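The structure appears below as structure tokens.
Computed from the coordinates by the stated procedures, all read-outs in this text should not be read as laboratory data. This structure is a prediction, so every number in the text was calculated from the model and none was measured. As a convention, Cβ positions derive from the backbone with ideal geometry for all residues, glycine included, and neighbour counts pool all protein chains shown.
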Amino acid sequence: MRRRVADYRRPVRRKFSSWIWVLLGTFMIAGFVLFVFHHNYQHEDHAEQQPLLERKIGKGHVAHNSLNLTEEILSARSYARQLAEQMTLAKAYVIIAKEHNNLHLAWELSSKIRSCQFLLSKAAMQDEPISLDEAEPLIKSLSSLIFKAQDAHYDIATTMMTMKSHIQALEERANAASAQSTVFGQLAAESLPKSLHCLDIKLMLDWLKDKSLQELADEKRNSPRLVDNNLYHFCIFSDNLLAVMVVVNSTICNADHPTQLVFHIVTNGIHYGVMQAWFLSNEFKGATIEVQTIEDFTWFNASYSPVIKNLLEKDSRKYYFEGSEDSNIEPKFRNPKYVSLLNHLRFYIPEIYPQLEKVVFLDDDVVVQKDLTPLFSLDLHGNVNGAVETCLEAFHRYYKYLNFSNPLISSKFDPQACGWAFGMNVFDLIAWRKANVTARYHYWQDQNTDRTLWKLGTLPPGLLSFYGLTEPLDRRWHVLGLGYDLNIDNRLIESAAVIHFNGNMKPWLKLGISKYRSLWDRYLDQSHAYLQDCASS
């Protein structure tokens with residue numbers, strides 16, 4: 001191996017320097033070991049002194065932080081935990097003792113349970129843990145009573161069987177109470193408030209007595225504004241005057257140009273005079289309001305509409321109006337609105353208004369908060385229906401509304417397809433007629449005569465009829481849930497163009513959600529004499 005030139009060799013003094021570094025490192029390691037040993041010794045000495053300090057404090061004032069009773073009960077070493085466990089076991093033996101007619105033992109156990117509850121409540125109120133002196137007598141007496149119960153042949157197997165039977169009984173009672181609550185809620189939702197009944201009577205008297213109102217109605221029936229496609233047309237199908245009143249008032253109040261609005265209201269023969277009397281007797285900022293009765297549509301009969309044909313059949317009438325022995329059917333499906341012809345009239349809009357090209361459909365349980373005329377200029381990209389999708393929540397997809405076990409459904413539709421909302425919809429009637437959506441609706445109604453594709457309602461057949469023909473709108477156009485959801489974000493409500501009180505808790509009912517009621521009440525004409533009289537009566 002070739003040696004380095006002398007000038008490039010390492011100096012000898014570097015070897016001496018490395019020995020110095022080794023010695024320094026050794027001293028540092030030894031010092032660190034001594035430091036750790038000394039620190040541990042001090043820590044152990046402090047730990048030995050700590051219990052003595054705690055015992056000295058215990059003789060005087062007890063030093064502790066604010067007690068968290070939940071953590072105390074969960075702690076394996078706490079007296080609160082022992083008392084809670086014994087109290088739970090004692091409650092089980094109280095039930096068993098009563099069933100075996102050992103009332104004295106049941107009374108003794110109940111007495112000790114009350115004492116435990118009192119002690120736990122006292123600890124929670126005073127923010128102090130339960131002491132041994134307080135807990136020991138109760139723990140011993142409860143243990144003695146539990147052993148006494150066991151000696152009376154209340155073994156674990158008997159306890160388990162008894163408690164299981166009680167749990168099953170409680171579950172059955174809870175289910176029965178829940179079903180009963182649902183039925184009562186449904187009945188309340190279907191009821192007619194006295195104030196609305198009163199208002200209907202007053203207005204019907206006006207309609208029958210005042211011939212000038214009837215003449216005015218005949219005069220406005222042929223107004224050219226009703227078929228002018230340069231105006232903005234809204235349609236509402238309802239027999240609830242208060243509800244329609246709010247829809248119309250809120251739409252007009254928030255419109256930039258109310259005189260360009262036209263409202264097409266369809267009701268039944270019973271409420272026709274009521275609606276006419278109200279809308280002919282009051283001012284609506286120049287907006288045009290047409291009221292028609294469903295009985296005027298002579299073409300809407302059993303030979304044309306499968307819905308009417310189905311309702312005339314004996315089995316259907318028994319199912320819808322007399323009830324069914326099938327307890328699995330949810331009470332909500334008994335709601336008369338599902339079989340109301342007014343509710344199904346939305347599928348015949350092109351036939352009702354043959355000269356119109358575009359309309360906005362509004363349910364009678366909505367409130368309008370912004371100008372809706374921009375809806376008429378939206379590009380639906382050739383689609384028929386403009387609607388807000390509701391599948392932001394997983395359960396609003398097609399498989400939740402339709403029976404996908406039926407091959408007729410599963411072969412034609414995607415179960416994960418997004419559902420959408422009825423209640424505020426833009427309909428392009430030209431595209432509707434071209435796609436013949438009403439014929440689609442008739443087809444699916446014919447296929448569902450046995451109610452196996454869907455139960456009731458208009459949304460399931462709507463999802464089928466408008467499949468592939470629906471344009472999703474911005475979510476802010478239509479916010480739903482004010483008739484059942486207590487936790488809707490206020491910012492979402494404030495930004496919404498239309499808010500929808502879908503659900504049983506309608507704002508005109510006493511069971512309406514109070515926090516949302518003012519959003520509906522503000523559009524009622526509270527100064528009107530009839531409304532004041534009916535409210536006070």
How many Å³ per residue does the convex hull of the Cα positions in the range 450-531 occupy? 166 Å³
Give, rounded to the nearest 20 debye, the magnitude of the charge dipole that the range 194-534 has about its Cα centre when Lys and Arg contribute +1 at Cβ and Asp and Glu contribute -1 at Cβ. 520 debye
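How far, in nm, would the chain grow between Lys412 and Ser165 when pulled straight, counting 0.36 nm per residue and subtracting the alpha carbon separation?
Additional length available on full extension: 84.2 nm.
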Beta carbons within 10 angstrom, averaged per residue: use that to sort the peptides 206-214, 295-303, highest first. 206-214, 295-303
Under the rule a/c < 1.5 gives rounded, and otherwise a/b versus b/c splits prolate from oblate, where does the range 387-492 land using the Cα gyration tensor? oblate
